[in-house]
Each structure stands twice: as C-alpha cells, then as structure tokens.
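K.L.:
Attaching a single structure in structure tokens format; questions to follow.
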Amino acid sequence: MRFTVAIDGPAAAGKGTISRAVADRFGFAHLDTGALYRAVGVKGGDPVAAARGLTPEDLARDDLRTLEAGQAASRVAVIPEVRQALLDFQRAFARREGGAVLDGRDIGTVICPEAEVKLFVTASPEVRAHRRWLEVGGDEARVLAEVRERDARDMNRADAPLKPAADAVVLDTSEMTIDEAVAAAVRHIETLR
Ligand code: C5P
C-alpha cells in the first residue's frame, strides 16, 4: 500500500507534532524534511557538496533543533542545487510501501504533488513564536523576530517557496491545543483513506 501524507507550513505551526502523531496512528513512516536542510546548514563548507554527501550521522547531530540551525537551514534552502540534491531521497521515501508522512515546506507543491493527503498547518507568528520560545527559552521577542525572518525567506524564495498547494486543506492551529490539532488532522486523513 502506498499512501502519502504531505504536511507543509511555516516554522513552529505544529507540523512535527502532528506528523509524528499521524505516523503513529496509521503506522506510516515519518520524514522530517526540515532536518535535511538543518543538517546541510550546520555541516558548513560548500552546501551543495554537503547536500549531495549527507549521511545518517549528519541527521543524528544533537544541534539540529537550535534557532541557529533553523536560520542556517533556511539560508541553504534557497539554493536550487541543494534542493535538487535532496529531491530523490524525499520522493522515494514518500512512495515507500506501507505509507509515509513527510513534513516540510514544499511537500505538497514540489516533492509529492500527487500525495493522497495534503495539509497546510499554520498559526499566527505570535503563537508560533511563543511555542518555539517554550522549547528553546531565551528572549521571546528575538524568537518572534527569527520566526518572521525565516517566514519571509521561505515564502519569498524563487525555488519551491512556502505556500499551500492549490488542493491542500489549511489547518490553522492558533486557537487549538495540540491534541485538538492532531485530532483534526487524523479525522481529515480518515475521510480520505
Ligand atoms: O521545518 P524546519 O523548521 O526544521 O525547517 C528548517 C528550514 O528548512 C525551513 O525554514 C526552510 O527554509 C527549510 N525547509 C525547506 N523545505 C522543506 C523543509 C525545510 O526549504 N521541505
């Protein structure tokens, strides 16, 4: 059985939590595609070479979740050759036997336009910054500035910009608890399975 769930949206909208819960609920494999760009960003050196030579060890680094890694990821993510180098791996993952859920920015638009389910998970910048701040701490205003900067870079790049696919269902989680957001995503997938 091949079944692809594409979950896109801006930073800290709840994509990761929803994707893990959906994978768990339906027994699908999960790929956090942001981790690929984060690993390329923190590896340093030539980003195209880093993307082409990405290893499982690069993806297991414990510094991938920092604000700095997020910024580094969005800077290398504007480079078309970096995106191209990561494409085949993501496409193969999406069509693996047993079903897959991928979360990122361009899964429904570029990686898997034929995905059976497309969700665009979003929330206001303030709500997203607050959630990220609860994870990373520090100065909340700085976290909000970082969220806005990354949104702008991701939405305005020429190659695979962040936007909902024409046939994506938009899930705004601003006023939802995480349990409510997960339940809404699961209900939607059940109607399409
Ligand atoms: O989702 P996460 O915050 O880990 O993504 C980090 C950065 O990687 C994003 O801000 C974006 O620039 C880039 N990215 C992307 N395409 C994806 C996933 C992530 O461009 N499919």
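The values are calculated or read from the model by the stated rules, or taken from the named source; none is laboratory data. Remember, it's a predicted structure, so these values are computed and weren't measured experimentally. Cβ placement follows ideal geometry from the backbone for every residue including glycine, while neighbour counts extend to all protein chains displayed.
K.L.:
Just checking, does the range 57-74 include any residue being within 11 Å of the ligand (Cβ to nearest atom), surrounded by fewer than 21 Cβ atoms within 10 Å (Cβ to Cβ), at pLDDT below 95 and charged (D, E, K, R)?
P.N.:
Yes, that holds for at least one residue.
K.L.:
OK, next. For the range 1-18, enumerate the residues that are within 12 Å of the ligand (Cβ to nearest atom) and surrounded by 20 or more Cβ atoms within 10 Å (Cβ to Cβ).
P.N.:
6, 7, 8, 9, 10, 11, 12, 13, 14, 15
K.L.:
Please list, ordered by first then second residue, the pairs with beta carbon atoms under 6 Å, 6 or more apart or interchain, first in the range 156-176 and more than 12 Å from residue 122 (Cβ to Cβ) and touching a residue at least 12 places away in the same chain (Cβ under 8 Å), second within 16 Å of the ligand (Cβ to nearest atom) and part of a loop (DSSP other than H, G, I, E, B).
P.N.:
Sorted first by the residue in the range 156-176, then by its partner, the pairs are 157/78; 160/106.
K.L.:
Separate question: Can you pull out the residues in the range 54-78 that are β-branched (Val, Ile, Thr) and within 17 Å of the chain's Cα centre (by Cα)? It would help to see each step written out before you state the result.
P.N.:
Taking the range 54-78 as the starting set, the residues that turn out to be β-branched (Val, Ile, Thr) are 55, 66, 76, 78.
If the condition is that a residue be β-branched (Val, Ile, Thr) and within 17 Å of the chain's Cα centre (by Cα), then 66, 76, 78 are the ones that fit.
K.L.:
Tell me yes or no: at least one residue of the range 19-26 is surrounded by fewer than 19 Cβ atoms within 10 Å (Cβ to Cβ) and in contact with a Gly (Cβ under 7 Å, 6 or more places away or on another chain).
P.N.:
Yes, there is a match, as at least one residue in the range 19-26 is surrounded by fewer than 19 Cβ atoms within 10 Å (Cβ to Cβ) and in contact with a Gly (Cβ under 7 Å, 6 or more places away or on another chain).
K.L.:
Still on this model: Does residue 115 count as within 12 Å of the ligand (Cβ to nearest atom) and among the hydrophobic types (A, V, I, L, M, F, W, C)? Steps first, please.
P.N.:
Values: within 12 Å of the ligand (Cβ to nearest atom): no; among the hydrophobic types (A, V, I, L, M, F, W, C): yes.
In short, no.
K.L.:
Okay, next question. Residues that are part of a strand (DSSP E or B), modelled with pLDDT of 95 or more, on the phi < 0 side of the Ramachandran plot and surrounded by 16 or more Cβ atoms within 10 Å (Cβ to Cβ): does the range 122-136 have at least one? Give the derivation first.
P.N.:
First, pick out the residues of the range 122-136 that are part of a strand (DSSP E or B): 122.
Imposing the further condition that a residue be modelled with pLDDT of 95 or more reduces the set to 122.
With the extra rule that they be on the phi < 0 side of the Ramachandran plot, the set shrinks to 122.
The next check asks that each one be surrounded by 16 or more Cβ atoms within 10 Å (Cβ to Cβ); those that pass are 122.
Scanning the range 122-136, I find at least one residue that is part of a strand (DSSP E or B), modelled with pLDDT of 95 or more, on the phi < 0 side of the Ramachandran plot and surrounded by 16 or more Cβ atoms within 10 Å (Cβ to Cβ), so the answer is yes.
K.L.:
Run residue 176 past the list (1) within 21 Å of residue 87 (Cα to Cα); (2) of a type in the set (A, V, I, L, M, F, W, C); (3) part of a loop (DSSP other than H, G, I, E, B) and report the number of the one that doesn't hold.
P.N.:
Condition not satisfied by residue 176: (1).
K.L.:
To continue, here is another question. Considering the range 137-161 alone, what residues qualify as being of a type in the set (A, V, I, L, M, F, W, C), in contact with a helix residue (DSSP H, G or I) (Cβ under 7 Å, 6 or more places away or on another chain) and outside any helix (DSSP H, G or I)?
P.N.:
Just the residues of the range 137-161 that are of a type in the set (A, V, I, L, M, F, W, C), to begin with: 141, 143-145, 147, 152, 155, 158, 160.
Those left that are additionally in contact with a helix residue (DSSP H, G or I) (Cβ under 7 Å, 6 or more places away or on another chain): 143-144, 147, 160.
160, the sole residue that qualifies.
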